[in-house]
Structure formats: structure tokens, C-alpha cells
1. For PHE42, list long-range residues whose amide hydrogen, built 1.01 Å from N in the peptide plane, is under 5 Å from its own amide hydrogen.
2. Applying the Karplus parametrisation 6.51 cos²θ - 1.76 cosθ + 1.60 with θ = phi - 60° to the phi angles of the stretch 146-163, what ³J(HN,Hα) value in whole Hz is obtained for each residue in order, glycine and proline being reported as x?
3. So who's got an amide H within less than 5 Å of the one on ALA77, skipping anything under 5 residues away but keeping other chains? H placed 1.01 Å off N, in plane.
Amino acid sequence: MKRVLLALISCAFAAPAGAETAGCGKFREAMTRASGELKADFARPLVVSRGSATGIEQYDLVSRARIDGMLRCRGEAFVSFEATIHLPADAALAGHFAEAQTAALISALGWPQARANAMTLALARDAAEYLRGSAERGDVSVAGKTEEHLAGDVEVGVVWTRTERTFILLNGG
């Protein structure tokens, strides 16, 4: 009985182990709240397609910054979120882009601000280093790419090139 009680107590106070994503509606609501002065919102674009991506609903990110973003859902299921800025970017835009990434992690995964900030900074640091290495090697396609594979088949990644920065959050589950 003591073991069962200790197990229940430890489960109640443990941090969530999985990285299960929020539903699409909850992501949109949480992203709007978490984005702060970016005032992020989502709008349904006009999409014309011929049979591809059936069942996928798309929403454009609308904000006060020059951030291009796309949320994809299958019904209420979160499929992916992608955000991009084009370079050159001033410090304000770079800061807003980092805020958008952090807000997306908080909104999709329910992470605390500190954990989302740490992931955003780590991904940016690694992508910058890989981009620098790619340029030094003289790669045909100069880019820095890094990703994190989380529990629940969730993937977070960034791709940096000389002309843009992209953040990608995928739910494979």
C-alpha cells in the first residue's frame, strides 16, 4: 500500500514525460495568448488544390511582425506549425521570431516558458554553428539545420540559410 501511495504521489508531482501536442483549436487559442505583443492570430487562406493534402486545413499566421507562418490541422488534430523570416532581419524581427518559436512550443506542448526559451535558444545556437560550418566547408547549399525528436513522435527543428530562418514543429502521432 505504501508503494502504491508513493507511486501515485510521484506521478502527481512529476513533469509530463510525453510531448503530446494540443489540439488545433487549443493551439490557436494558446498561441494567441502566449504571443504577447506580437498579437499572433490565425486566418484561413484561400487554397486551391487538386486532390493533394485532402483533409488538411491550413491557417496563416497573422502578427505585427514580418513572420510568415502556417498551421496545418487534420480536423482537430495538430499536424504542423511552420514559421519563417527572411533576411536581412533587424534585431527586433529576430527577437519577435524567437518569441513566436517560444510561444509555439508553449502552445503546442504545454511547456513552461523557461523550457521553451531554452529549446529555442539551443536550436538557434546549433543552427548558427552548423550554418557557419557549412559556409566554411564551401557546401553547395549553405545551411544550418538541427532538430529535436521528442516523445510522442513530435519533432522540432530549425533550418537557417543565408536568406531565411525557418522553425518547424511536426506532430507525427
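Laboratory data are not the source of any read-out in this text; all were calculated from the coordinates shown. As the structure is a computational prediction, the values presented were derived from the model and not from experiment.
1. Amide H neighbours of PHE42: VAL62.
2. 8, 8, 10, 9, 9, 4, x, 6, 9, 10, 10, x, 9, 10, 10, 10, 6, 10
3. CYS24
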